[in-house]
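We did not get these values from a lab; they are worked out from the coordinates using the rules stated. Keep in mind the model is a prediction, meaning the values are calculated, not measured. So basically every Cβ, Gly included, is an ideal-geometry build from the backbone, and we count neighbours across all protein chains shown.
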Amino acid sequence: MTTELLYLEDITPGMRFTSPSAHVSEADVVRFAKEFDPQPFHADPQAAKNSFFGRLVASGWHTGAVTMRLLATGGLPLAGGIIGASGQLQWPAPLRPDSDVHVETEVLDVKPSRSKSDRGLITTRSQTIDGEGTVVQVVEMKVLVWSKSQAK
């Protein structure tokens, strides 16, 4: 399926996008944790049983990385890529191993630049949702978006 890439002029508040899904296995959780967030509740299934979570959970940074992959591979089809300017991140629930996740994004605001006609900023709210319907991450971010004049 080919998704048309969007420019600033194509985007309006209220637009919604849904990403493809991805599977996050226990091996993925442990591998990511050992390299980037080696806390016992992320990296060691046995030690995780005695943690706050009571079992192994993905690092929030792993959840963020999976979210970014899903946005970049169809969840937010922006011409020129997803160039973040700022954001606010929440993890309302942990991502459990052996989950399928997808991202649902809504455009909240669109602001053309006053000083640079080739770009603007959009504000989006993206929810990463597991297979049971639990929201495991919410990120509200401002993203640079190119105008069609930049593409010429």
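Step through the residues of segment 122-138 one at a time and calculate ³J(HN,Hα) from phi using the Karplus curve (6.51 cos²θ - 1.76 cosθ + 1.60, θ = phi - 60°), rounding each to whole Hz and writing x for Gly and Pro.
Couplings: 10, 10, 10, 10, 10, 10, 8, 10, 7, x, 8, x, 7, 7, 9, 7, 10 Hz.
List the relative contact order of segment 8-151 as a percent without decimals, with contacts defined as Cα pairs under 8 Å and 6+ residues apart.
29 percent
If I stretch the segment between ALA79 and GLN39 completely, what's the gain in nm (0.36 nm per residue apart, minus their alpha carbon distance), one decimal? Kindly include the intermediate steps, with their values, before the conclusion.
Details: separation 40, 0.36 × 40 = 14.40 nm, distance 3.73 nm.
Gain on extension, ALA79 to GLN39, equals 10.7 nm.
What percent does the relative contact order of segment 71-138 come to when contacts are Cα pairs within less than 8 Å and at least six residues apart?
Relative contact order here is 33 percent.
Projected onto the charge dipole of the chain (+1 at Lys/Arg Cβ, -1 at Asp/Glu Cβ, origin at the Cα centre), which of PRO20, SER99, GLY84 gives the Cα projection farthest towards the positive end?
Going by the charge dipole, the pick is GLY84.
Out of all DSSP beta bridges in segment 8-151, what portion is antiparallel? Express it as a percent rounded to 5.
Values: 35 of 35 bridges.
Expressed as a percentage, antiparallel bridges in segment 8-151 total about 100.
List the trypsin sites (Lys or Arg not before Pro) within segment 29-108 that fall in a DSSP loop (any state other than H, G, I, E or B) and whose Cβ has at most 16 other Cβ atoms within 10 Å.
Details: sites: ARG31, LYS34, LYS49, ARG55, ARG69; in loops: LYS49, ARG55.
Listed in order of number, the matching sites are LYS49, ARG55.
Counting only pairs 8 or more residues apart or on different chains, how many lysine pairs in the chain have their Cα atoms under 16 Å apart? Walk me through the numbers on the way to the answer.
Details: LYS111/LYS142; LYS111/LYS148; LYS116/LYS148; LYS116/LYS152.
Count of close lysine pairs: 4.
Taking the Cα atoms only, what angle lies between the long axis of helix 60-70 and the longest principal axis of the chain, rounded to 10 degrees?
That works out to roughly 40 degrees.
Compute the helix-to-body angle for 26-36: its Cα long axis versus the longest principal axis of the chain, expressed 0 to 90° and rounded to tens.
The answer is roughly 80 degrees.
Considering only SER59, SER99, SER19, give the residue with the highest GNM mean-square fluctuation for the chain, with springs between Cα atoms whenever their separation is below 10 Å.
SER99
How far apart, in nanometres, would the label points at ALA72 and GLN88 be if each is projected 7 angstrom from Cα along the Cα-to-Cβ direction?
In this crude spin-label approximation the distance works out to 2.6 nm.
Hey, got a sec? Which chymotrypsin sites (Phe, Trp or Tyr not before Pro) in segment 35-102 land in a DSSP loop and have at most 14 other Cβ atoms within 10 Å?
On the way: sites: PHE36, PHE41, PHE52, PHE53, TRP61; in loops: PHE52, PHE53.
Of the chymotrypsin sites (Phe, Trp or Tyr not before Pro), the ones in loops of segment 35-102 whose Cβ has at most 14 other Cβ atoms within 10 Å are PHE52, PHE53.
Based on other C-beta atoms within 10 Å, arrange ILE129, ILE83 from fewest to most.
Least crowded to most crowded, the residues run ILE83, ILE129.
What is the spin-label model distance, in nm, from ALA47 to GLU9 if the labels are put 7 Å beyond Cα along the C-beta direction?
Label-label distance for ALA47 and GLU9, simple model: 5.6 nm.
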